[in-house]
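The values are calculated or read from the model by the stated rules, or taken from the named source; none is laboratory data. Note that the structure is predicted; figures quoted are calculated from it, not measured. As a convention, Cβ positions derive from the backbone with ideal geometry for all residues, glycine included, and neighbour counts pool all protein chains shown.
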Amino acid sequence: MATGCVERRLAAVLAADVAGYSRLMGVDEVGTLAVLKAVRSELVDPEIAEHKGRIVKTTGDGMLVEFASSVDAVTCAIAIQRRMAERAASTADSQLRYRIGINIGDIIIDADDIFGDGVNIAARLEGIAEPGGVCISSSAYEQVRGKVNADFVDLGELSLKNICRPTRAYAVSAKESPDRQASTPVSAPRLSVVVLPFTNFGGDPAHEHFVDGLTESLTTDLSRINGSLVIARNTAFTFKGKSVDVKALGRELNVRYALEGSVQPGGNRLRVNVQLIDAATGNHLWAERFDKPIADLFDMQDEIVARLANALGAQLIAVEARRAESVVHPDVMDLYFQGAACRNRGPTPEHLASAKGCFAKVLALDPENVEALVGHAYVDAIRAGSFVMDDRVSGFQAAEATLIKALSLVPDHAQAHMLLGFVQISTNRAAQGIAECEQALSLDRNLAAAHGWIGIAKVYMGRAEETEAHIREALRLSPRDTGAFRWVHFIGVAKMHLNADFEAVVWLRRGVELNRNYAIGHFRIAAALARLGQLAQAKTAAQAGLTLDPNFTIRRFRSHLASDNPAYLSGCERACDGMRMAGVPEG
């Protein structure tokens, strides 16, 4: 390649070829070639020209096309596949179908040809596209979402042949016009899932009840996820012991997701593997493994089910939120999933603001949407309790009013009871708050945060020695929870109130490791270190907190006290003394 002739530019690259072309040619070489030429001249080439594409080269049944615009590339691909489908419906030669892959990337131009990873990724995506389908890279997706009339299915991170790094890919599904929609099946409902019977790989009959129990309990517990549709166990168990085509199953049951798993014994341990699968594409979205000593199988089953239900709830919401990002005109549920996904990313000011904005849009469209009311209240309550604002009272009042409205609409809403409990615990009503959290747990045993808030309440009641047991239960049920940093932090707070400052530092540092942006965690580490006489480290910790929250003062800390219990107040004063020694401003 002559160096002087080479140039680079960013382009949208479309790669296409005919699915099963060799087989078609083997059956009828002359006829297949004639159909291909007709399709190219009458349909494909005119669409490419209409969308300002340049055909770089053709390779028998395939072609490589360059576009200056990603939107032009994707709309061209959609138009080609739609017209091919219409042609197939009206002619006898319906077997000819294209696969199309699209990528945006840097390409090398040499004379009339193009090279580079920008081209190679498009070619690999074409290879994984369904016949009649379009598959695009995340770089293309970021440019076209909200700009083309299509839905996008997240296929996850894929390892493509000869491509060094995994590539996130999306399948493109063109939206139909209202007239066409009336004659086509309804798409699978959001958050619709079937829990397939788990496989007992060991074959030990003694474990069969445990394996079936996992399936049944997960079916029950996933149905508690707000907005979910879970296929009943009686239907799911008809697939026990059978080899299942997940895509066919998805169409038969009209669900978006399938959960499958297995149990395998080894010595005195049991290994449980679980996978969440996109029923439309067959792609794995998420996987989890548990490897535990065999003890009480019933207790083990409860723990595994709780962890899976908590993790899957967040995972399904994240997947639905990614789907919703590509929707041109999002509806109430699209906006709710986006808000819930922002909330689940962690309580940073940015994520909370984004979540509240989404929930507010939902409530503007549907003022009595209970899930949005609870989500909106969550943001207000968390902000009020996180030491980032001076006026915590108004935040908690707003949250409580919203939660009371939500519970008037749905009295048995577990999360609303739990959040109301947190508000009451944080506003000198710990006993009432504990009762609300216990009510939430009676409605949904997997609400790990309810155990966390009860543990926090015990500090406010002057019973800090009881905190750790409640927090450990929360961590057992949801060890990777986005709120786990706060729970770990409060074991440290309890240790401070028990004058166990060395243990407090250990736990508080664990909390900061889980969320380094939690400013109050740094300030409490500073207080505990100062009380241990480690002033240099205490001042460093205080400065880390002030970097995150320059407006924090001891006065603000005092204004956030949650109880008038004398033991609690005494512990808070010791914390203030430690912060003062570490250099936290008085305010």
Does F523 satisfy the condition of being of a type outside the set (S, T, N, Q) and in contact with a Gly (Cβ under 7 Å, 6 or more places away or on another chain)?
-> yes
Tell me which residues, restricted to the range 552-568, are polar (S, T, N, Q) and either in contact with an Asp or Glu (Cβ under 7 Å, 6 or more places away or on another chain) or without any contact (Cβ under 8 Å) to a residue 60 or more places away in the chain (or both).
-> T553, S559
Considering the range 501-516 alone, what residues qualify as being surrounded by 17 or more Cβ atoms within 10 Å (Cβ to Cβ) and either part of a loop (DSSP other than H, G, I, E, B) or assigned by TED's automatic domain parsing to the domain that holds K292 (or both)?
-> N515
Taking the range 215-238 and the residues there that are out of contact with any helix residue (DSSP H, G or I) (no Cβ under 6 Å at 6 or more places or on another chain) and over 13 Å from V194 (Cβ atoms), the one that is surrounded by the fewest Cβ atoms within 10 Å (Cβ to Cβ) would be T220
Taking the residues in the range 541-569 that are aromatic (F, W, Y) and in a helix (DSSP H, G or I) as candidates, determine which candidate is nearest to the chain's Cα centre (by Cα).
-> F557
How do the pairs read when you match residues in the range 124-136 that are within 11 Å of Q81 (Cβ to Cβ) and in contact (Cβ under 8 Å) with a residue 60 or more places away in the chain with residues anywhere that are assigned to a helix (DSSP H, G or I) and of a type in the set (G, A, S), using Cβ under 9 Å and keeping only pairs 6 or more apart or on different chains?
-> G132/A85; G132/A88; V134/A77
Lone unmet requirement of (1) part of a strand (DSSP E or B); (2) touching a residue at least 60 places away in the same chain (Cβ under 8 Å); (3) in contact with a Leu (Cβ under 8 Å, 6 or more places away or on another chain) for E288 | (2)
Would you check which residues across the range 231-273 are aliphatic (A, V, I, L, M), in contact with a Gly (Cβ under 9 Å, 6 or more places away or on another chain), part of a strand (DSSP E or B) and more than 17 Å from H207 (Cα to Cα) and list them?
-> A258
Across (1) surrounded by fewer than 20 Cβ atoms within 10 Å (Cβ to Cβ); (2) small (G, A, S); (3) touching a residue at least 40 places away in the same chain (Cβ under 8 Å); (4) assigned to a loop (DSSP other than H, G, I, E, B), G533 clears everything bar (3)
Examine the range 73-83 for a residue that is part of a loop (DSSP other than H, G, I, E, B), on the phi < 0 side of the Ramachandran plot, hydrophobic (A, V, I, L, M, F, W, C) and free of Cβ contacts under 8 Å to residues at least 40 places away in the same chain, and state whether such a residue exists.
-> no
Can you name every residue in the range 129-171 that is among the β-branched types (V, I, T) and surrounded by fewer than 16 Cβ atoms within 10 Å (Cβ to Cβ)?
-> I163
Report, ordered by the first and then the second residue, all pairs with beta carbons closer than 8 Å, sequence separation of six or more or different chains, a first member in the range 240-252 that is in contact (Cβ under 8 Å) with a residue 24 or more places away in the chain, and a second member that is surrounded by 12 or more Cβ atoms within 10 Å (Cβ to Cβ) and among the basic types (K, R).
-> G250/R256
Of the residues that make up the range 51-68, is at least one assigned to a helix (DSSP H, G or I), surrounded by 12 or more Cβ atoms within 10 Å (Cβ to Cβ) and either outside the structural domain of S173 (by TED's automatic domain parsing) or in contact (Cβ under 8 Å) with a residue 24 or more places away in the chain (or both)?
-> no
Please specify each residue of the range 384-411 satisfying the condition of being among the basic types (K, R) and closer than 15 Å to I425 by Cα.
-> R392
Would you point out which residue out of I471, I554, I525 is outside the structural domain of R383 (by TED's automatic domain parsing), under 25 Å from N310 (Cβ atoms) and modelled with pLDDT of 95 or more?
-> I471
Scan the range 394-431 residue by residue and report those that are among the small types (G, A, S), within 14 Å of I454 (Cβ to Cβ) and buried (at least 24 other Cβ atoms within 10 Å of the Cβ).
-> G421, S426, A430
